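Reading through the structure tokens given below for one structure.
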Amino acid sequence: MIVVGITGASGVIYGVKLLEALNELNIENSLVISDAAKTVINHELERNVEDVIKLADNYYEFHDLTASINSGSFKFDSLAIVPCSMKTLSSIANGYGANTITRVADVALKEHRKTVIVPRETPLRSIHIENMLKLSREGATILPAMPAFYSEKETVQDQINFIVGKILDSLEIENNIYKRWE
């Protein structure tokens, strides 16, 4: 099972597309959406939060610290936080598990489960980079939402697919969602 956290950074479409891809690949998933992400979803997407929640096999509330995914004894394969706000990144890097997303990240890191963080901020401050380095040193994959242009992408959807394909690759999930370099 893959846990997907969507936080309040621009680019919530990446998290939604990841959920859609996991469904297409028949991979069980669980979802947590931060309060700020709910606002961003309503602003950036042509769908509402309830539609996004329906994409998940399991949904956990953002402030539920008793959620099963917050326990090291609960088995899940990996975690992807897509997009990851700098607030969430900072909380995880500094061990501040004050909500379901930061707590499940704490569990994933301490249990050495695959953890992919997709920061969506630009430009970056030194502290942002330092927090990413902390998480990288703990085993997290830092995968900024940076498009590639080598495969002659033509649409925004192509760019979204590229990032989601890279996330799936980092989670070691076979996919053909984007055109690979040949």
If I take R0 = 45 Å and measure r between the Cβ atoms of Asn176 and Asn94 in this structure, what FRET efficiency does the formula 1/(1 + (r/R0)^6) give, to the nearest 0.05?
0.75
Between Tyr59 and residues 5 or more places away or on another chain, which pairs have amide H atoms under 5 Å apart, with H built 1.01 Å from N, and which residues are they?
Leu31
Which of the listed residues, Tyr60, His43, Ser91, is farthest toward the dipole's positive end in segment 42-182, when Lys, Arg count +1 and Asp, Glu count -1 at the beta-carbon?
Ser91
Sequence gap at least 6, Cα distance under 8 Å: using those rules, report the relative contact order of the chain to the nearest whole percent.
21
Decide, for segment 1-123, between rounded, prolate and oblate: order the square roots of the alpha carbon gyration tensor eigenvalues as a ≥ b ≥ c, take rounded if a/c falls under 1.5, and otherwise choose prolate if a/b is larger than b/c, else oblate.
oblate
Ser85's amide H: which non-local residues (gap 5+, or another chain) put their own amide H closer than 5 Å, with H modeled 1.01 Å from N in plane and none for Pro or chain starts?
Thr7, Gly8, Ala9
Assuming 0.36 nm per residue, please report the length gained on full extension of the stretch Tyr59 to Ser73 beyond their Cα-Cα distance.
3.2 nm
Calculate one ³J(HN,Hα) per residue across segment 66-72 by plugging θ = phi - 60° into the Karplus curve 6.51 cos²θ - 1.76 cosθ + 1.60, and present them in order as whole Hz with x for glycine and proline.
8, 4, 4, 5, 7, 10, x
Using modelled backbone amide H atoms (1.01 Å from N, in-plane), which distant-in-sequence or interchain residues come within less than 5 Å of Val116's amide H?
Leu79, Ala80, Ile81, Thr141
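If R0 is 30 Å, what FRET efficiency do you get for Glu138 and Glu46 from their C-beta distance, rounded to 0.05?
Numbers: r = 37 Å, r/R0 = 1.23.
In this case the efficiency is close to 0.25.
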Shape of segment 32-100, Cα gyration tensor, a/c cut at 1.5:
oblate
Take the alpha carbon gyration tensor of segment 112-180, find the square roots of its eigenvalues, order them as a ≥ b ≥ c, and report rounded if a/c is under 1.5; if not, report prolate when a/b exceeds b/c, else oblate.
oblate
Note: Glu130 to Lys110 extended length (0.36 nm per residue) minus current alpha-carbon separation gives 5.3 nm
GNM, the chain, Cα, under 10 Å: largest mean-square fluctuation among Ile167, Ile53, Ile127?
Ile127
Quick one: how many Å² of Asp35 are accessible to a 1.4 Å probe, rounded to 10?
80
In whole angstrom, note down how far apart the Cα centers of segment 156-182 and segment 40-108 are.
22
So what J values fall out for segment 168-179 if you push phi through Karplus, 6.51 cos²θ - 1.76 cosθ + 1.60 with θ = phi - 60°, rounded to Hz, Gly and Pro as x?
4, 4, 5, 8, 6, 10, 4, 7, 9, 6, 9, 7
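The values are calculated or read from the model by the stated rules, or taken from the named source; none is laboratory data. What you are looking at is a predicted structure, and each value in this text was computed from that prediction instead of being measured. Using ideal geometry, Cβ is built from the backbone for each residue, glycine included, and neighbour counts are taken over all protein chains shown. For the accessible areas, the whole protein counts, side chains as well, though only heavy atoms, and no ligand, DNA or RNA atoms are used. Shrake-Rupley method; radii C 1.70, N 1.55, O 1.52, S 1.80 Å.
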